[in-house]
Each structure stands twice: as structure tokens, then as C-alpha cells.
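Every number in this text was worked out from the coordinates using simple rules, so none of it is lab data. Just so it is clear, the structure is predicted and the values come from calculations on it, not from any experiment. Backbone-built Cβ (ideal geometry, glycine too); neighbour counts: all protein chains shown.
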Amino acid sequence: MKEHNIAYLRASVIRWVSDEPYPGLIEVQIRDGNGKVWSFIDKYPMFLQRGSLSPASEYPVSVNIACTVITYTPDRVVVSTAEPWGLEAIDGTYEFAMQPSQVLAPD
């Protein structure tokens, strides 16, 4: 995996947050390489490229979050979710240190 390339983080949709704004908000979580859980809340199409979710969907749902690889070593991959989708965790964090197995190369 090369630095500054687009990759994907394994993530889970854990709940439906709100019907508004349309088409609805969901909460998505990742666990970083140190085991810390980070939450993102945004419209579900930001995370789900196919299909749809609703308040009645069965959670959790596995999804991938697009990110940019900042640095890559055999033990750690530092990624940014600011690019390409402009995503930040609830507290504004957008850079995460992940284990290489948590980061997927694009198809």
C-alpha cells in the first residue's frame, strides 16, 4: 500500500440516529490500532454505496470508509478520513493510526 493512495477502513454501522436531514443519519464506528473506538455520524449514503438503511434495519452493518494513506509501515498505517469524503469523527478527529489488517486497498 502506497502513501497518499485511497484505501478503505473496516467499519460498522451501529445505529440509526435520525430521519432528518433526509435521507437519514447513522452512527458508524471504527476501532483504531490501539483499540480506541471512534464514532462518525453522517447521512447513510456517505458510508453505504449500495442499498439503503432505515430505522428498522438490523444493526450492526459492515461498511468501509474511504480514507487516504498518510504513512505506511509494516506495523502501523496512519490514515486520514478527511479525503476523499470529508469525514471526521464526532470530536473532529480525522487522522487514525490503524493496524495494516484494518486497512483495505481499493478493488
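Residues considered: Pro84, Pro60, Pro21. Largest GNM mean-square fluctuation over the chain, using C-alpha springs under 10 Å, is found at Pro21.
Modelled label positions at Ser80 and Ser52, each set 7 Å beyond Cα in the direction of Cβ, lie 3.5 nm from each other.
Once the Cα-Cα distance is subtracted from the 0.36 nm per residue extended length, the Ser62 to Glu95 segment shows a gain of 9.8 nm. Using alpha carbons only, the radius of gyration of the chain set against its Kirkwood radius gives Rg/Rh = 0.97.
Centre-to-centre separation between the Cα atoms of segment 1-48 and those of segment 63-79: 15 Å. Counting other Cβ atoms within 10 Å as a rough exposure proxy, the listed residues Ile41, Ile30, Ile90 run Ile90, Ile41, Ile30 from fewest neighbours to most.
Compute the label zone of Ile70 within segment 24-60: residues whose backbone N is under 20 Å from the point 7 Å along Cα-to-Cβ. Under 20 Å, as judged by backbone N against the label point of Ile70, lie 29-41 of segment 24-60.
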